[in-house]
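Asks: One structure is given below, represented as structure tokens, and several questions about it will come after.
The values are calculated or read from the model by the stated rules, or taken from the named source; none is laboratory data. From a predicted model like this one, the values you see are computed outputs, not experimental measurements. Neighbour counts are summed over all protein chains in view; Cβ atoms, including those assigned to glycine, are modelled from backbone coordinates with ideal geometry.
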Amino acid sequence: MLHNFISKNDDQIATASAHCDIPCGVYDARTIMYHAVSTLRQIDILLSLKEKGLSETAFAMQVARNTAEKERQAELVKHETRIIWGDFMKGDHLKKHPGAHELAHKIMMAGSACKQDLHREDGEKLVALCNEFSEMFWDMKGVKTKTAPCPYAPNVDVVIPAL
Amino acid sequence: MSPTLEDGDYILIKKPRSLRPGFIYVVNHIDLGLIVKRLEAIENQSAVFSGDNPASLSDTLLGKVDVRRITGCAVLAVTPKGIKRLKRI
């Protein structure tokens, strides 16, 4: 009877999970950075193809392959961002960083722009937004970050945890 | 935490004056949010928790919890079958 009475005000009561299912708690924004940098790299490769003096067939083949890879990497940026935004960022995390939703949405839009066209600026913007997201994520976890150039082309600065 | 607590049970918590292994606490876990677990041990300022169910997430996977994240001690459960006191194991 008391349970019935309380359940009528269930929406006023905080919920605590007693059954953890499989949340492993393993979230890492470095995967987002890896895919963002890879997307930019694919854009650079595609933009450089004209200068390579390839045959018509070889050129078409390279465009097809690198475009497919650009598509895949940009989608992975969006996928990994959605996981961290949707599964990890909640409660106190969002109170500390209320801009998380808008930033996640900007990454979605930037990822799509990289897929839809071929402009280096789109790739640079994607990396910049992901760096911002990465910094926000690590701050939520109480981990300090540093910015360092990635040791491979396109050699852009990336935010990484200072572990 | 089954069979001690089942989905839909309500628990009454109080602010703990001290942390005692064997009792059930509500924790604001950094990755999992608000969870209810039984305190296994305290080491310095870190607490180790586990679930009552053998299939629960192990203390290794839960990780050590900063004691400042413990929000309350669960003292009573209000279930569809009635009220029960949550005892120390």
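Asks: Please work out if B:R20 is farther than 30 Å from A:I84 by Cβ and either out of contact with any Pro (no Cβ under 8 Å at 6 or more places or on another chain) or at pLDDT 90 or above (or both).
Replies: So B:R20 fits the description; yes.
Asks: Ok, one more. Filter region B:1-58 down to the residues that are in a loop (DSSP other than H, G, I, E, B) and of a type in the set (S, T, Y), then identify the one that is farthest from A:S17 (Cα to Cα).
Replies: B:S18
Asks: Identify the residue in region B:1-30 that is surrounded by fewer than 17 Cβ atoms within 10 Å (Cβ to Cβ) and of a type in the set (D, E, K, R) and, among all such residues, is nearest to B:T71 (Cα to Cα).
Replies: Per the criteria, the residue is B:K15.
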